[in-house]
Structures are given as C-alpha cells and as structure tokens.
1. For residues in segment 117-135 being among the β-branched types (Val, Ile, Thr) and crowded, with 16+ Cβ neighbours inside 10 Å, which is farthest from GLY98 (Cα to Cα)?
2. Among the candidates VAL167, VAL142, which residue alone is under 22 Å from GLN120 (Cβ atoms) and open to solvent by less than 20 Å² (accessible area, probe 1.4 Å)?
3. Please state which of the following conditions VAL273 fails to meet, knowing it meets all the rest: (1) of a type in the set (A, V, I, L, M); (2) outside any strand (DSSP E or B); (3) farther than 24 Å from ALA41 by Cβ.
4. Which one of these is closer than 18 Å to PRO312 by Cα, open to solvent by less than 10 Å² (accessible area, probe 1.4 Å), in contact with a Phe, Trp or Tyr (Cβ under 8 Å, 6 or more places away or on another chain) and in contact (Cβ under 8 Å) with a residue 12 or more places away in the chain: ALA149, ALA85?
5. Test PRO227 against the criterion of being in contact with a Lys or Arg (Cβ under 7 Å, 6 or more places away or on another chain), more than 24 Å from PHE155 (Cβ to Cβ) and either open to solvent by 20 Å² or more (accessible area, probe 1.4 Å) or in contact (Cβ under 8 Å) with a residue 60 or more places away in the chain (or both), and give yes or no.
6. Please go through segment 1-53 and give me each residue that is under 23 Å from GLY276 (Cα atoms), under 22 Å from the mean Cα position of the chain (by Cα) and of a type in the set (Gly, Ala, Ser), ordered by number.
7. Taking VAL253 as meeting all but one of (1) of a type in the set (A, V, I, L, M); (2) more than 21 Å from ASP308 (Cα to Cα); (3) touching a helix residue (DSSP H, G or I) at 6+ places or on another chain (Cβ under 9 Å), write down the number of the exception.
Amino acid sequence: MASATSVFGSEGTGLSTLPDGRTAAEAFAADPEAFFGPRHAERFGADPGLLVKLLEAGQRLPVHCHPDREFARRHLGCPYGKTEAWVIVEVRSREPQGEVFLGFRDEVDPAELAGWVTGQDTTAMLGAMHRIPVAVGDAVLVPAGLPHAVGEGVFLIELQEPTDLSVLLEWEGFDIDGARDGHLGLGFDVALRCVDRSGWGKERLDRLRTPREGGRDARPGVDVLLPSEADPFFRAERIRPRDASPLPASFSVLVMMGGRGRLEFGTAGSLEVARGDTVLVPFAAGDCRLVGSLEAVRCMPPDADAPDVSAPVFG
C-alpha cells in the first residue's frame with residue numbers, strides 16, 4: 001500500500017498507482033515536502049522510508065530473514081535493510097490461536113546453521129526457534145537479521161523498511177527455488193552472515209512485543225504499538241476513538257480494522273471510512289481527526305529526528 005518500492009531486480013513491479021494514474025513514487029518525487037513534511041523531506045528526500053503490506057499466510061511461510069542496513073550497504077548497494085513489524089488483523093487457522101516463529105532459543109554455530117540450510121533440515125531449524133502464539137491486535141517488532149516465519153492462517157499488517165531483501169533458510173516443500181534465489185545473488189557463504197544466530201531469552205524476546213513505557217499516547221483513543229527502538233524505521237498506532245481522536249500532521253497509511261466513521265482533514269473536507277479501507281494521508285492534509293465507532297492502525301515513516309542505526313538493538 002502506497003508503495004514506492006520496486007521488487008528486487010525490477011524497475012517498476014510493486015509500485016502503487018494513485019487514482020490520477022501516477023505511481024506513488026512519481027507523486028512523491030513531484031512534491032516531497034507536501035507528502036512527508038519539511039523535516040522528513042530534508043533528511044530522506046522523496047523516499048517515504050516505509051513500505052506497508054497486508055499479508056495473509058495461507059500456509060506457514062518458510063523460515064527466512066532479512067539483512068540489516070550495514071549488510072545491505074556493504075553487499076547490495078542499498079541504504080535500507082529490512083527491519084519489519086507485524087500487527088495481527090485476523091487468525092484464520094484451524095487452531096484457536098495463530099503462531100509465529102521468531103529467533104533462536106540458543107546461539108547457533110555458523111556451521112550448524114549452514115548445515116541446516118544446505119540439507120533443508122526443517123525439523124532442526126524450527127525446533128531451535130521460539131514458537132509464539134499470537135492473537136488479533138498483537139504487535140511484534142522483527143529486527144533485521146532475526147530468523148522468522150509466519151504461521152498458517154495469520155493475516156497481518158506488515159510495516160517494513162522499503163525493500164524486499166530476503167535470505168531463505170527454508171524452501172523444501174514450497175514453490176521456491178531457494179538454492180538459486182534464496183541468497184540475493186551473493187551465495188549462501190556470504191548471505192548467511194546476515195543471520196542473527198544469537199540466543200534470544202524470554203526477557204529479550206518480550207521486548208519485541210512491548211510498546212514504549214505505558215503504551216498509551218496522550219491523545220484520546222490512541223495506543224502506541226511498538227517499542228521506541230522501532231522509531232528509526234517506522235512507527236505504528238492503534239486508534240479507537242471514544243468520540244474523536246486527533247492525528248497530528250504526518251505522512252501515514254491508515255488501515256481500517258473495524259467499524260465505520262469519518263476521517264476529517266485539517267485542511268478541508270472529510271472522508272467516510274469503514275472496515276477494509278486503506279487511506280494514504282499526506283503531511284499537507286494537516287492535523288486530522290478520526291471520528292466514529294471504528295478501529296484503525298496508523299502506519300508512519302521513521303522519526304526524522306531518530307539516529308541512523310543498522311537494526312533495533314535489544315541487548
């Protein structure tokens with residue numbers, strides 16, 4: 001949604017088209033300050049620094065990971081890695097809860113990891129990972145490098161850095177030629193260096209699912225969904241207006257999760273919204289309000305005043 005990101009190795013595949021026929025990338029380039037605001041435009045130019053997706057795992061997705069910024073700059077000539085975050089929208093599995101796989105419980109030796117990948121030892125790989133139940137409304141930050149997989153039937157909003165750089169650790173049984181396409185053209189000897197092989201204990205893992213202290217924004221009906229470590233990459237809020245919730249001016253992608261209501265623009269006018277709608281809101285729309293009996297997730301770009309870090313750090 002609102003994508004200015006092309007598929008890796010492609011010129012135009014993956015770009016969103018606006019109602020006036022322009023791609024989002026063309027519109028952003030024509031007036032970055034109107035879309036993103038002066039501070040963002042000064043630092044990032046016409047680049048939103050954010051990609052938002054709706055993702056439904058009709059089957060369990062293969063175990064994979066994404067490089068961080070340092071690795072992507074050094075090996076791929078790309079300024080972004082792919083830290084991401086998930087906000088769970090629905091669980092459509094046969095089980096009462098969905099599940100995701102996230103990080104290794106104990107540190108994994110490089111040779112052992114390479115052996116799992118070469119031999120496609122899925123049993124060993126999944127057995128070494130945390131298996132985490134998720135429910136509607138949960139939010140999870142996934143730092144670049146952390147191996148992960150989304151379970152069957154989990155439907156989510158994904159915020160991410162604006163790339164599709166992935167290193168496949170698993171492909172056996174999937175319609176993917178991982179041996180050919182799973183290493184970003186680098187070969188697995190190099191590509192596997194981007195994998196976070198460290199052990200993630202409970203306390204460290206829990207921090208990926210804990211919003212900044214309090215979690216409640218000062219604005220009525222607004223919850224901050226992600227820890228502060230996500231701010232250099234993206235930000236996310238859950239909005240449930242009691243009557244009306246103010247939205248300070250910002251480029252954002254609004255995903256309507258439930259109910260119906262109205263988005264009132266600070267500059268002029270309003271837009272009727274309901275469950276399933278997605279709205280691209282430019283900075284130039286000014287301070288807005290969400291009004292009505294509804295629930296929305298507001299996806300926003302990196303904090304322009306946050307430091308440039310390679311990946312979120314949880315020691």
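The values are calculated or read from the model by the stated rules, or taken from the named source; none is laboratory data. Please read these numbers as outputs of a predicted model, since none were measured by experiment. When we count neighbours, we look across all protein chains shown, and the Cβ atoms used for this are built from the backbone with ideal geometry, even at glycine. Areas reflect the complete protein model, heavy atoms only, side chains present, ligands, DNA and RNA absent. Shrake-Rupley method; radii C 1.70, N 1.55, O 1.52, S 1.80 Å.
1. Step one: filter segment 117-135 for residues among the β-branched types (Val, Ile, Thr), giving 117-118, 122-123, 132, 134.
Next, from what is left, pick out any that are crowded, with 16+ Cβ neighbours inside 10 Å: 117, 122, 132, 134.
Values: VAL117: 25, THR122: 20, ILE132: 8, VAL134: 5 Å.
Top of the filtered list is VAL117.
2. Details: VAL142 fails: under 22 Å from GLN120 (Cβ atoms).
So the residue among VAL167, VAL142 that is under 22 Å from GLN120 (Cβ atoms) and open to solvent by less than 20 Å² (accessible area, probe 1.4 Å) is VAL167.
3. (2)
4. Numbers: ALA149 fails: closer than 18 Å to PRO312 by Cα.
Being closer than 18 Å to PRO312 by Cα, open to solvent by less than 10 Å² (accessible area, probe 1.4 Å), in contact with a Phe, Trp or Tyr (Cβ under 8 Å, 6 or more places away or on another chain) and in contact (Cβ under 8 Å) with a residue 12 or more places away in the chain holds for just one of ALA149, ALA85, which is ALA85.
5. On the way: in contact with a Lys or Arg (Cβ under 7 Å, 6 or more places away or on another chain): yes; more than 24 Å from PHE155 (Cβ to Cβ): no; either open to solvent by 20 Å² or more (accessible area, probe 1.4 Å) or in contact (Cβ under 8 Å) with a residue 60 or more places away in the chain (or both): yes.
No; evaluated as a whole, the condition is false for this residue.
6. If the condition is that a residue be under 23 Å from GLY276 (Cα atoms), under 22 Å from the mean Cα position of the chain (by Cα) and of a type in the set (Gly, Ala, Ser), then ALA2, SER3, ALA4, GLY14, SER16, ALA24 are the ones that fit.
7. So the condition that VAL253 fails would be (3).
To keep it simple, each residue is scored yes or no on (1) open to solvent by 70 Å² or more (accessible area, probe 1.4 Å); (2) touching an Asp or Glu at 6+ places or on another chain (Cβ under 8 Å); (3) of a type outside the set (A, V, I, L, M, F, W, C); (4) in a loop (DSSP other than H, G, I, E, B).
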{"site": "MET1", "(1), (2), (3), (4)": "no, no, no, yes"}
{"site": "ALA4", "(1), (2), (3), (4)": "no, yes, no, yes"}
{"site": "GLU26", "(1), (2), (3), (4)": "yes, no, yes, no"}
{"site": "ARG39", "(1), (2), (3), (4)": "yes, yes, yes, no"}
